Amino acid sequence: MIVKNEEKVLARCLDSVNGIVDEIIIIDTGSTDASKDIARKYTNHVYDFTWTGSFSEARNFAQQYASGQWILALDADEYVDGDNLKETIKQLRENEVSNSPIESYSVKIINFTGSYGENIVQHYHSRIYKNNGHIKYYRDIHEQLGKTNGDKLESAISPLNIYHSGYLNSTIKAKDKNKRNTEILHVEISKSGESGYDYYNLGNEYKAVGKLEEALDAYTKAFQKKGNIAYSWVPNNIIQIINCLTQLNRFSEGLAVIADAGQLYPRSPEFICLKSNIYVLQHRYEDAKNELLYLLNNKDKYQQYLISIDSLEFIPHRLLGYIYESQEDYEAAFLQYSQALAFNQTNLEMIARMIRILLKFHNSKEITSFVKKHGWDKQSFILQTIIFVLLNNNQADFAKTFINDLSLLEDVENLRLKAELVDGHVEYVYDQLKSKSMHELETVISKKQLDLQDLILVGLQMNDTNLLEKIYQHLDNQEEKMYVNLLRGNSKNVAVKDPAYLLNLMEKAIQYKQFALFESLIPLKDYYDESINLTIGHMLYRYQFKEIAVSFYQEMGSLEKFDDQAFLNVIQEFIRENENKDALEYAIFAIDNGRDDFRLYKYAIELAIQNNQIDLKKDLVNTALIKYNDSSWLTIV
């Protein structure tokens, strides 16, 4: 093992192998925490190594101290199942008796991702190898095994599973390894002659910090330089190309890559899920539904999952839930989210969506019974999620009943303040906060129960210029400072560009039913581009203030300035009022003016059918097929 500052996870790793392996060898590359003290509780083989910028050099340094016949390489943020490890060792011994030529084994790495490990991604990596002096690590980063004489290393797949928590959101943020890894990879690329594997890993580093264009470029080069399609990283690389294109809204390109990938990996469920996800993002709900139901009804044909078994059950049910919820079929949506949760029992998004649906149809007593039946009231991270769902849906009194169950939680007082704020008790919250220093307020914000906008809202409602001044002095971001200045009435020389801050505050005012504050903020929209009227309109429409939403759309002056969502909302209102002729006219106007949201075509086609305008319907279908030529719904409508 190579270790540096891993006191939080090292014991977990060592406990999982202690007493099963013959010896434990740990190389410390400069820990300043208790890592070495923890390590010495398990082994006397703890050695210091001056970091050289090369993981291979550190691993090869460790290898010289190993006396066993085989070596297992682990990282501190990994662990194994003891029985699984014993079975692996038994297999190694059996292979030795049969004179197997295998010299190294790849193991399945099961990576827990997200906030609490609610998502799983897997890959294979060589971690077990013969300690014969002829096998070493090479590459400075994402090191790989090879024979010192250049001969082929005979490898196979081991039954061992290694569980890895290093991709959890909190761990990635705390360790901040991306800058270091990116620098090492650029050096490695210059040394290796631009190998596909280096570019694949470089893409991973860029994607982890949100540099999608750079990531896509690296993944594309990786595929071009892959050498052999059989390498285990290649399908992952293809999937990441699709993910980048999807996140960049380059849907047509993403679908083209999916079509090609489906030919290479016809038994992999990932590509049906990726296609369906794009369809959902394009609001092609019937097309997505067809794909997902086909997958769920033919699971036996798609057993070659490349990254995660989630693609076979969890993701299809989750996406179907999105679709049914968008179509306001809440019973079907709830069923799909429940089925998704059966395969991923701590997924906070599924739990939150289920609670939101329950709030539409059930009282607090019934929902509380449901929560307790599932044991969610005993898991603080789940209960906090439920509390936030309740607060965001203006259910402060209901939320307080659960907050009391968190009495041992360190941050429970901040949650109580949030509940009081949502309940309209601004003055009470202000009394609790007004005497705090900015450092103390930063601590409150860091706990994430209350955020900076909550503090601003309190300061504005209580007309406390001192609190707003504290907040202003705390900010580093120039755009945020101008925004707070605007709120303080200091509009001179203010040139704000990003409306997100103001929009967030306006939404909080609606959520907390602080409607007077919302009205006072409306004049500030004039400091931004006029398109802010559309966004405010969309927000009001979501919160069922539909007539007021339309008034903000009218501020645009002409229909040509409407975006897709504005047209859709107005069309929905016409349909709700049974003014189908006006709805159809708006849909056709939007399409004729370059709007190509799939829902606009769907509304127009369905309204044309209702009006028995068959020729118009045919023209609309043919026009839609130019953009959405793979739509099964368009071909059968």
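The values are calculated or read from the model by the stated rules, or taken from the named source; none is laboratory data. As the structure is a prediction and not an experimental result, all values here were calculated from the model. Cβ sites come from the backbone with ideal geometry, for glycine too, and all protein chains shown count toward neighbours. SASA here: full protein model, heavy atoms, side chains in, ligands and nucleic acids out. Shrake-Rupley method; radii C 1.70, N 1.55, O 1.52, S 1.80 Å.
Looking only at the stretch 257-299, residues that are more than 23 Å from V637 (Cβ to Cβ), open to solvent by 50 Å² or more (accessible area, probe 1.4 Å) and touching an Asp or Glu at 6+ places or on another chain (Cβ under 9 Å) come to 1 in all. In the stretch 555-600, what residues are open to solvent by 20 Å² or more (accessible area, probe 1.4 Å), more than 20 Å from Y628 (Cβ to Cβ) and touching a Gly at 6+ places or on another chain (Cβ under 9 Å)? The one that is open to solvent by 20 Å² or more (accessible area, probe 1.4 Å), more than 20 Å from Y628 (Cβ to Cβ) and touching a Gly at 6+ places or on another chain (Cβ under 9 Å): E555. Of the residues making up the stretch 463-474, those that are surrounded by 15 or more Cβ atoms within 10 Å (Cβ to Cβ) and under 37 Å from the mean Cα position of the chain (by Cα) are L467, L468, K470, I471, Y472, H474. Taking (1) in contact with a helix residue (DSSP H, G or I) (Cβ under 7 Å, 6 or more places away or on another chain); (2) modelled with pLDDT under 95 in turn, V621 satisfies each apart from (2). If you go through the stretch 416-462 and keep only what is aliphatic (A, V, I, L, M) and open to solvent by 50 Å² or more (accessible area, probe 1.4 Å), you end up with just M462.
Within the stretch 235-256, the set of residues being over 19 Å from the mean Cα position of the chain (by Cα) and buried (at least 20 other Cβ atoms within 10 Å of the Cβ) comprises P235, L255.
Please indicate, with yes or no, whether at least one residue in the stretch 65-79 is in contact with a Leu (Cβ under 7 Å, 6 or more places away or on another chain) and either open to solvent by less than 60 Å² (accessible area, probe 1.4 Å) or among the aromatic types (F, W, Y) (or both). Within the stretch 65-79, one or more residues are in contact with a Leu (Cβ under 7 Å, 6 or more places away or on another chain) and either open to solvent by less than 60 Å² (accessible area, probe 1.4 Å) or among the aromatic types (F, W, Y) (or both).
Of these, K508, K513, K497, which one is within 26 Å of V422 (Cα to Cα) and not in a helix (DSSP H, G or I)?
K513
Out of all the residues in the stretch 125-169, which are open to solvent by less than 50 Å² (accessible area, probe 1.4 Å) and more than 24 Å from R93 (Cα to Cα)? Once the filter is applied, which keeps residues that are open to solvent by less than 50 Å² (accessible area, probe 1.4 Å) and more than 24 Å from R93 (Cα to Cα), the stretch 125-169 yields R139, D140, I141, E143, H164, S165, G166, L168. In the set (1) closer than 29 Å to H538 by Cα; (2) touching a helix residue (DSSP H, G or I) at 6+ places or on another chain (Cβ under 7 Å); (3) open to solvent by less than 70 Å² (accessible area, probe 1.4 Å); (4) not hydrophobic (A, V, I, L, M, F, W, C), G489 fails one condition alone, (2). Taken together, the residues in the stretch 35-64 that are closer than 16 Å to A11 by Cβ, open to solvent by less than 40 Å² (accessible area, probe 1.4 Å) and not hydroxyl-bearing (S, T, Y) amount to 3. Among the helices (runs of 4 or more DSSP H) confined to the stretch 318-384, the ones with at least 2 residues that are in contact with a Ser or Thr (Cβ under 6 Å, 6 or more places away or on another chain) are located at 348-361. Checking each residue in the stretch 525-549 for being of a type in the set (A, V, I, L, M, F, W, C) and over 33 Å from the mean Cα position of the chain (by Cα) picks out only I548.
Screening S190 against (1) touching a helix residue (DSSP H, G or I) at 6+ places or on another chain (Cβ under 7 Å); (2) in a helix (DSSP H, G or I); (3) open to solvent by 20 Å² or more (accessible area, probe 1.4 Å); (4) at pLDDT below 95 leaves a single unmet condition, (1). The set of residues in the stretch 409-443 being more than 29 Å from the chain's Cα centre (by Cα), of a type in the set (A, V, I, L, M, F, W, C) and modelled with pLDDT under 90 consists of L433, M438. Of the candidates Q384, Q379, Q345, the single residue that is under 25 Å from E313 (Cα atoms) and in contact (Cβ under 8 Å) with a residue 24 or more places away in the chain is Q379. Counting only helices (runs of 4 or more DSSP H) that sit completely within the stretch 529-637, those holding 2 or more residues that are farther than 29 Å from N277 by Cβ and not acidic (D, E) correspond to 532-542, 546-554, 564-576, 580-592, 598-610, 614-627.
Quick check: anything in the stretch 106-121 farther than 30 Å from L348 by Cβ and part of a strand (DSSP E or B)? Yes, the stretch 106-121 contains a residue that is farther than 30 Å from L348 by Cβ and part of a strand (DSSP E or B).
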